[in-house]
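The values are calculated or read from the model by the stated rules, or taken from the named source; none is laboratory data. Nothing here was measured: the structure is a model prediction, and the numbers come from that model. Here Cβ is always computed from backbone atoms with ideal geometry, including for glycine, and neighbour counts include all displayed protein chains. The area values use the complete protein model at the heavy-atom level, side chains included, leaving out ligands, DNA and RNA. Shrake-Rupley method; radii C 1.70, N 1.55, O 1.52, S 1.80 Å.
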Amino acid sequence: MPDRPYTLLSCSVSLDGYLGDQTPRLALSNEADFDRVDEVRASCDAIMVGAVTVRTDNPRLLVRSQARRDERTARGLPSSPMKITVSERLDLDARSNFFSVGETEKLVYTSSGRVRDARARLGPVATIVDGGRRVRMRRLSEDLADRGVGRLMVEGGGVVHTQFLADDLVDELQLVVAPFFVGDSSAPRFVSDGRFPWNPGRRATLADVRQIGDVVLLRYALSTRFQDG
Ligand SMILES: NC(=O)c1ccc[n+]([C@@H]2O[C@H](COP(=O)([O-])OP(=O)(O)OC[C@H]3O[C@@H](n4cnc5c(N)ncnc54)[C@H](OP(=O)(O)O)[C@@H]3O)[C@@H](O)[C@H]2O)c1
């Protein structure tokens with residue numbers, strides 16, 4: 001088994017590169033694209049989001065389509081992928097959808113110094129994983145591979161994207177561009193500052209462009225492991 005999962009980063013952004021505005025769960029995408037994302041989710045072993053996304057969006061992170069859930073169960077898989085988050089503050093509500101909805105396993109990565117607190121707060125609803133002195137996404141990815149995760153979907157937000165991309169841990173980027181502006185520099189961006197492996201001297205490979213109603217999906221192959229299809 002490879003040392004880390006095949007990693008697909010999926011998100012939607014406004015024309016000016018924002019992941020949202022100051023309101024929770026701004027719909028940047030449309031129904032047809034939500035259904036496409038559901039299909040991608042159903043193909044993955046685990047979905048990861050950052051703790052701010054858990055707090056502000058309260059996402060369920062389940063496969064929505066019954067047919068896709070049934071198809072997974074028929075293959076001997078849980079009906080939805082494992083859920084993963086990472087947090088240092090641990091200001092996470094055990095009753096939020098991330099923890100309380102779905103039978104699937106939930107993992108919370110935190111630094112060694114926060115493990116005891118994490119177990120006290122979230123132990124009954126999640127598996128707490130010691131991420132080391134400071135949680136690094138490479139080590140987290142390797143740990144997920146050890147747990148049998150072959151395909152990981154990273155679904156935001158920008159702080160998590162930045163670490164996966166800057167550490168060259170993403171094999172495929174699926175970026176959906178919505179046809180409007182947010183126009184607020186305090187809104188969350190697709191990524192924050194960082195040194196990324198793709199720059200004017202090393203351009204990413206655009207693998208596919210697809211119009212889905214009023215949005216556009218851009219698929220980039222970011223590693224030699226990119227799986228077309
Ligand atoms: N458009 C889209 O497709 C999409 C998708 C997802 C989210 N969003 C939006 O994105 C926004 C949130 O994005 P964001 O960038 O602010 O936050 P985020 O990436 O969701 O979460 C960041 C938080 O994750 C934890 N974290 C990240 N890396 C860590 C590490 N190495 N070690 C320990 N903890 C770590 C920290 O949590 P603690 O603070 O708990 O320590 C940090 O504050 C929301 O507005 C949401 O609506 C949009």
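Couple of notes before you dig in:
- Gln211 vs. criteria outside any loop (DSSP other than H, G, I, E, B), free of Cβ contacts under 8 Å to residues at least 12 places away in the same chain and not hydrophobic (A, V, I, L, M, F, W, C): yes
- Residue in segment 169-188 that is touching a residue at least 24 places away in the same chain (Cβ under 8 Å), touching a Gly at 6+ places or on another chain (Cβ under 6 Å) and under 23 Å from Tyr109 (Cβ atoms) present: yes
- Only residues that are without any contact (Cβ under 8 Å) to a residue 24 or more places away in the chain and within 15 Å of the ligand (Cβ to nearest atom) were counted across segment 35-69, and they come to 0.
- Among the residues of segment 141-154, none qualifies, meaning not one is free of Cβ contacts under 8 Å to residues at least 60 places away in the same chain, in contact with a Phe, Trp or Tyr (Cβ under 7 Å, 6 or more places away or on another chain) and over 12 Å from Ala46 (Cα atoms).
- Selection of first residues in segment 86-111 that are at positive phi and of second residues that are among the hydroxyl-bearing types (Ser, Thr, Tyr), restricted to Cβ pairs under 7 Å at least 6 apart or on distinct chains, gives the following pairs, ordered by first then second residue: Leu90/Thr110; Gly102/Ser80.
- Residue in segment 63-71 that is under 16 Å from the mean Cα position of the chain (by Cα) and farther than 21 Å from Gln163 by Cβ present: yes
- Filtered residues of segment 196-229 (kept if within 16 Å of the ligand (Cβ to nearest atom) and either open to solvent by 90 Å² or more (accessible area, probe 1.4 Å) or touching a strand residue (DSSP E or B) at 6+ places or on another chain (Cβ under 7 Å) (or both)): Asp214, Val215, Val216, Leu217, Leu218, Arg219, Tyr220
- Considering segment 65-157, the qualifying helices (runs of 4 or more DSSP H), each wholly inside and each with 3 or more residues that are modelled with pLDDT of 95 or more and open to solvent by less than 10 Å² (accessible area, probe 1.4 Å), run over 137-146.
- Among residues of segment 1-33, those that are closer than 25 Å to Glu103 by Cα, in contact with a Lys or Arg (Cβ under 8 Å, 6 or more places away or on another chain) and within 11 Å of the ligand (Cβ to nearest atom), counted: 0
- Just so you know, in segment 7-58 the residues that are of a type in the set (Val, Ile, Thr) and under 19 Å from Leu173 (Cβ atoms) include one that is surrounded by the fewest Cβ atoms within 10 Å (Cβ to Cβ), and it is Val40.
- Applying the condition of being among the β-branched types (Val, Ile, Thr) and under 24 Å from Phe181 (Cβ atoms) to segment 1-48 and asking which residue is nearest to the chain's Cα centre (by Cα) yields Val37.
- Test: residue in segment 159-169 that is away from the ligand (no atom under 15 Å from the Cβ), out of contact with any helix residue (DSSP H, G or I) (no Cβ under 6 Å at 6 or more places or on another chain), open to solvent by 60 Å² or more (accessible area, probe 1.4 Å) and outside any loop (DSSP other than H, G, I, E, B): no
- Qualifying residue in segment 91-105 (condition: within 11 Å of the ligand (Cβ to nearest atom) and not aromatic (Phe, Trp, Tyr)): yes
- Scanning segment 151-206 for residues being hydrophobic (A, V, I, L, M, F, W, C) and closer than 24 Å to Ser80 by Cα gives a total of 10.
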